[in-house]
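Below is one structure; the comments refer to it alone.
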Amino acid sequence: MDEQDKEVKTPETESGEPAERQEDQLEKLKGTTEKLWGSTRQAFNNATFKANQYKKLVQKKIDLSAVHKKIGSTHAELGKLIDDLREAGKKSIMSQEAVKAILNRLDELKAEAAALEEEIEQIRTEESSQEVAQPEEKTE
């Protein structure tokens, strides 16, 4: 046997490259594809999360605006009632049942507004903590 016959021949592909090298390239491609898919999935999840956060935030702001409008109209109602009672010569206006009822309604509306403001802040805090918890992957 001469030297050439002792050499181990690696199978070649149609392109003339050794099969092992092609398998390595296939593995690299597979790894790259998995990384790309993982990044795409993470980006989609982040986008979905942020869209839901934005939706919640906007809805809470709309609700808060509606409560502020109710507070404004209740203030106007209270002012009109007090003025009417004063013109009618009523004494101790603040002890009138109608005035107390409106003041109680105002207290409830203010509490509702405060709760909505707190929820808005929680949503914003949750959004910030989500961004810190899932930093974007760096590509090499």
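Side notes on the structure shown:
- The alpha-carbon atoms of region 17-129, seen along their principal axes, cover 106, 17, 14 angstrom, with the largest extent given first.
- Sequentially through region 112-120, phi angles give Karplus couplings (6.51, -1.76, 1.60; θ = phi - 60°) of 5, 5, 5, 5, 5, 4, 5, 4, 4 Hz, Gly and Pro residues having no value and appearing as x.
- Sites ASP84 and VAL58 - FRET efficiency at Förster radius 41 Å, r taken between beta-carbons, to 0.05: 0.55
- Flagged links, alpha-carbon separation over 25 Å, of LYS30/LYS50; LYS60/LYS110; LYS70/LYS100; LYS35/LYS56; LYS90/LYS110: LYS30/LYS50; LYS35/LYS56; LYS90/LYS110
- Computed from backbone phi with θ = phi - 60° and the Karplus coefficients 6.51, -1.76 and 1.60, the 3J(HN,Hα) list for region 35-44 is 5, 4, 5, x, 5, 5, 4, 5, 4, 5 Hz; x is used for glycine and proline.
- Charge sum, other residues only, whose C-beta stays under 12 Å from GLU77's C-beta, Lys/Arg counted +1 and Asp/Glu -1: +1
- Computed from backbone phi, the HN-Hα couplings of region 68-82 come to 5, 5, 5, 4, x, 5, 5, 4, 4, 4, 5, x, 5, 4, 4 Hz, rounded to whole numbers (Karplus: 6.51 cos²θ - 1.76 cosθ + 1.60, θ = phi - 60°; Gly and Pro given as x).
Readers should treat all values here as calculations from the given coordinates under stated rules, not as data from a laboratory. Remember, it's a predicted structure, so these values are computed and weren't measured experimentally. A quick note on method: Cβ atoms are made from the backbone with ideal geometry, for glycine too, and the neighbour counts reach across all protein chains shown.
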